[in-house]
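The values are calculated or read from the model by the stated rules, or taken from the named source; none is laboratory data. Keep in mind that this is a model prediction, so the values were computed, not measured. In this analysis, Cβ positions are derived from the backbone assuming ideal geometry, glycine residues included, and neighbour counts consider all displayed protein chains.
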Amino acid sequence: QEQAYAIAESIGFPLVVRPSYVLGGRAMEIVYNQDSLEHYMHTAVSVSNDAPVLLDSFLDHAIEVDIDVIADGESVVIGGIMEHIEQAGIHSGDSACSLPPYSLSKSVLDRMRAQVIEMATELKVIGLMNTQLAYQDGDIFVIEVNPRASRTVPFVSKAINVPLAGIAAKVMAGISLKKQGFTKEVIPTHYSVKEAVFPFNKFLGVDPMLGPEMRSTGEVMGVGTDFSSAFDKAFLATGDILPTSGLVFVSLRKLDRGSLIKLGKQLIKQGFELISTRANQELLASGGVDCQVVNKVSEGSPHIVDKIKNDEIAFIVNSTEDSQGAEDAGLIRRQALIHKVPFTTTLSAAFAILAGAKSGNKLSVISLQELHK
């Protein structure tokens, strides 16, 4: 443990901490300070020479990207590039994603394409390969490379109308990509959004805060002519309904507050009213955004949980540094589940939800057959 503290000091916070071998992000956590790290080391894992803990620098506010490719030893073809809606740090199985990417520029995507093709070639991959990248401030970081099929393959296959699993199986049996006629990346003209489905309504006492440990139990897909309509359909498919008016509770962690005024103005523009605790309200007011004030739970009634129980809240945006010590935030999210109030725990998802809400009155149905003519 002392070694971990020394390494943390040299790398700097925030950090991703995890056991040396994990599936589904089990026991992974993002820690933002020494107290959180000590709490993790004492309660989350049993550390020994046979079971070490790994510490990695965490990229806050980075955009995560999934790329699936097929290689046959001679050529590499990209199956699909998916931009995550939640920022890096949310498990890829829990994050919504868009194909094609909805915010990254062509030049950034071309750099990613070149890097992934080079990695697949160097690794001599035969079959499918999945790469997870992060983009931050002009730099591209490799999170992990998996020379195997990913859970994203069925989604990508449906989005581009190409049976990637079947093609990869034939490649592994010795049939080249050229012989199969799959030699070029398919970039669809429509948008497909994958959204995760969570079991939280079956476990109402659980805090639904998302992080590096996977918690979803399924996924749905929305398809539209633009990103906002595709996201709205995916959100609806999970069983939630995007609000179009009402009172929104906004409470952001300090690292996200640089975007608080922008978020507040967007909410007001779309017809919502705002309510928040004192620190967030004062920041919003400094930017000319009207916002009601409500007590923190720890400050006593009337507080935000009272308003949730009274069905006064239409939507909640609530991000926190970590789960440790965030009792108010956890209680708010649990009450939101019980009272079926839509909520998000990430800033990027909040903006995507607002984009989807704008398209709510113009949704249309289109068959996959029509899309893939």
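Structural remarks
- Under the condition of being surrounded by 14 or more Cβ atoms within 10 Å (Cβ to Cβ) and farther than 12 Å from Phe249 by Cα, the residues counted in the stretch 280-302 number 5.
Residues are listed down the side, and each one gets a yes or a no for (1) touching a residue at least 24 places away in the same chain (Cβ under 8 Å); (2) under 25 Å from His39 (Cβ atoms):
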site	(1), (2)
Gly271	yes, no
Glu282	no, no
Pro302	no, no
Lys309	yes, no
Val317	yes, no
Asp328	yes, yes
Ile332	yes, yes
Gln335	yes, yes
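- Residue check, Ser10 outside the structural domain of Gly93 (by TED's automatic domain parsing) and at pLDDT below 80: no
- Residue that is surrounded by the fewest Cβ atoms within 10 Å (Cβ to Cβ), among those in the stretch 193-220 that are outside any loop (DSSP other than H, G, I, E, B) and more than 15 Å from the chain's Cα centre (by Cα): Lys202
- Qualifying residue in the stretch 239-259 (condition: more than 29 Å from Val294 (Cα to Cα), of a type outside the set (Gly, Ala, Ser), touching a residue at least 40 places away in the same chain (Cβ under 8 Å) and not assigned by TED's automatic domain parsing to the domain that holds Ile160): no
- Some residue of the stretch 150-157 being surrounded by 15 or more Cβ atoms within 10 Å (Cβ to Cβ), within 20 Å of Met214 (Cβ to Cβ) and either assigned by TED's automatic domain parsing to the domain that holds Met41 or without any contact (Cβ under 8 Å) to a residue 24 or more places away in the chain (or both): yes
- Considering Leu337, Leu274, Leu255, the condition of being farther than 20 Å from Phe200 by Cβ and in a helix (DSSP H, G or I) is satisfied by Leu255 alone.
- The set of residues in the stretch 79-107 that are under 30 Å from Ile175 (Cβ atoms) and surrounded by fewer than 22 Cβ atoms within 10 Å (Cβ to Cβ) contains only Pro100.
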